[in-house]
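Single-structure report; data block below.
The values are calculated or read from the model by the stated rules, or taken from the named source; none is laboratory data. Values in this document were obtained by computation on a predicted structure and should not be read as measured data. When we count neighbours, we look across all protein chains shown, and the Cβ atoms used for this are built from the backbone with ideal geometry, even at glycine.
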Amino acid sequence: MQQRTTDPKEINFKDKFSLDGKVVVISGACGLIGRAFCEAAAQWGAHIVCADIALANPEQFAAELEQRHGRKMMGFALNVAVKNEVQNLHHAVLAAFGKVDGLVCGHQNKSHLKFEPFESVSEENWDTVVEINLKGTFLLCQVIGSWMAQNGSGSIINIPSTYSVVAPNQNLYKGTSLGCPAAYSASKGGVDALSRYLASYWASRNVRVNMITPHGVWNNHEPQFEQNFAQFSPMQRLSYNHEVAGALVYLLSDASSYVTGDNMKVEGGWTVW
Ligand SMILES: NC(=O)c1ccc[n+]([C@@H]2O[C@H](COP(=O)([O-])OP(=O)(O)OC[C@H]3O[C@@H](n4cnc5c(N)ncnc54)[C@H](O)[C@@H]3O)[C@@H](O)[C@H]2O)c1
């Protein structure tokens with residue numbers, strides 16, 4: 001319940017950004033952006049549940065986070081595209097913490113398709129990308145979001161892509177071995193639509209559903225790609241994973257209490273021209 005006042009002096013604006021004591025589940029926690037999400041939310045006081053595939057060793061990552069911040073964290077290995085694994089995650093979180101305040105769907109699959117031209121994409125590869133990116137987000141929202149709705153509060157942040165807002169500029173990839181598959185754009189378009197649907201569906205239950213759209217996060221890219229990127233970007237550079245995480249703290253916290261259905265683009269103005 002928000003304070004009913006017109007006097008901003010009554011409000012502690014610093015406290016509004018605090019995540020003290022909040023329990024936040026982050027999928028794709030061990031990834032490039034996931035790691036920054038976990039660290040930022042932990043620095044603001046949250047208990048983080050690091051969810052990722054077993055290969056990424058989320059338990060180890062959570063143990064390091066717990067040691068660094070001196071606060072209980074949890075690691076959980078799962079495939080987000082399998083419903084009973086998502087249910088097991090949810091049960092484990094409730095058993096350990098008794099609640100969930102935030103859900104961040106930060107997983108992705110696309111890499112094995114990066115270089116595959118559209119004309120030859122197999123059904124199997126298409127299905128894998130859509131299953132993980134879109135169905136995985138659906139399952140996490142269904143299982144954990146429904147619990148939030150029943151309990152009357154929560155903040156969900158899904159991650160679509162610039163390429164669900166605009167098409168990839170194919171010139172970006174000239175002279176590089178990189179590319180972006182159509183299944184990725186299509187699956188992320190689904191994440192965008194699902195998020196807006198749920199923002200409306202759960203607004204009256206005090207569950208906010210927002211999105212963060214990162215773009216071009218630096219990860220030791222090929223020099224040619226970095227040069228091409230600078231030409232097409234208003235800010236003339238790639239971003240860094242830590243630059244995406246400020247938006248997460250805002251959207252998880254009470255500072256964004258009247259924000260739902262929003263897509264916060266952290267893309268250096270890529271889609272503005
Ligand atoms: N990096 C960018 O420039 C960029 C741009 C736009 C959008 N995004 C989006 O941001 C999010 C994070 O991107 P990133 O660059 O950190 O990606 P990343 O590949 O570094 O991390 C993704 C994580 O998801 C995990 N994952 C994959 N399949 C999974 C599954 N089935 N179940 C559970 N976990 C699974 C991986 O193990 C990995 O740790 C993704 O949704 C991505 O689509 C990234």
Considering only residues that are in contact with a Ser or Thr (Cβ under 9 Å, 6 or more places away or on another chain), more than 30 Å from residue 206 (Cβ to Cβ) and of a type in the set (Phe, Trp, Tyr), which ones fall in region 227-273? 270
Do we find that residue 160 is closer than 30 Å to residue 99 by Cα, within 12 Å of the ligand (Cβ to nearest atom) and not in a helix (DSSP H, G or I) in this structure? yes
Yes/no for residue 32 being within 16 Å of the ligand (Cβ to nearest atom), at pLDDT 95 or above and within 26 Å of residue 259 (Cβ to Cβ): yes
Can you name the helices (runs of 4 or more DSSP H) wholly within region 1-86 that have at least 2 residues being within 17 Å of the chain's Cα centre (by Cα)? 32-43
For region 206-219, pairs from a residue that is under 22 Å from residue 145 (Cβ atoms) and outside any loop (DSSP other than H, G, I, E, B) to a residue that is within 7 Å of the ligand (Cβ to nearest atom) and among the hydroxyl-bearing types (Ser, Thr, Tyr), with Cβ under 6 Å and 6 or more apart or across chains, are 213/162
Restricting to region 105-134, and then to whatever is outside any helix (DSSP H, G or I) and either of a type in the set (Asp, Glu) or over 20 Å from residue 55 (Cβ atoms) (or both), can you tell me which residue is modelled with the lowest pLDDT? 115
Would you be able to say whether some residue in region 170-181 is within 15 Å of the ligand (Cβ to nearest atom) and within 25 Å of residue 47 (Cβ to Cβ)? no
Members of region 45-86 that are among the polar types (S, T, N, Q) and surrounded by 15 or more Cβ atoms within 10 Å (Cβ to Cβ): 57, 79
Subset tally (residues that are away from the ligand (no atom under 15 Å from the Cβ) and buried (at least 19 other Cβ atoms within 10 Å of the Cβ)) for region 197-248: 6
Tell me, please, whether a residue that is of a type in the set (Phe, Trp, Tyr), under 25 Å from residue 256 (Cβ atoms) and either buried (at least 21 other Cβ atoms within 10 Å of the Cβ) or away from the ligand (no atom under 16 Å from the Cβ) (or both) can be found in region 101-118. no
Options 191, 244, 249: the member that is aliphatic (A, V, I, L, M), touching a Phe, Trp or Tyr at 6+ places or on another chain (Cβ under 7 Å) and in a helix (DSSP H, G or I): 249
Quick one: would you say residue 233 is without any contact (Cβ under 8 Å) to a residue 12 or more places away in the chain and either in contact with a Lys or Arg (Cβ under 9 Å, 6 or more places away or on another chain) or farther than 14 Å from residue 141 by Cα (or both)? no
Region 163-191 residues that are closer than 16 Å to residue 271 by Cβ, paired with ones that are of a type in the set (Lys, Arg) (beta carbon under 7 Å, 6 or more apart): 163/188; 164/188
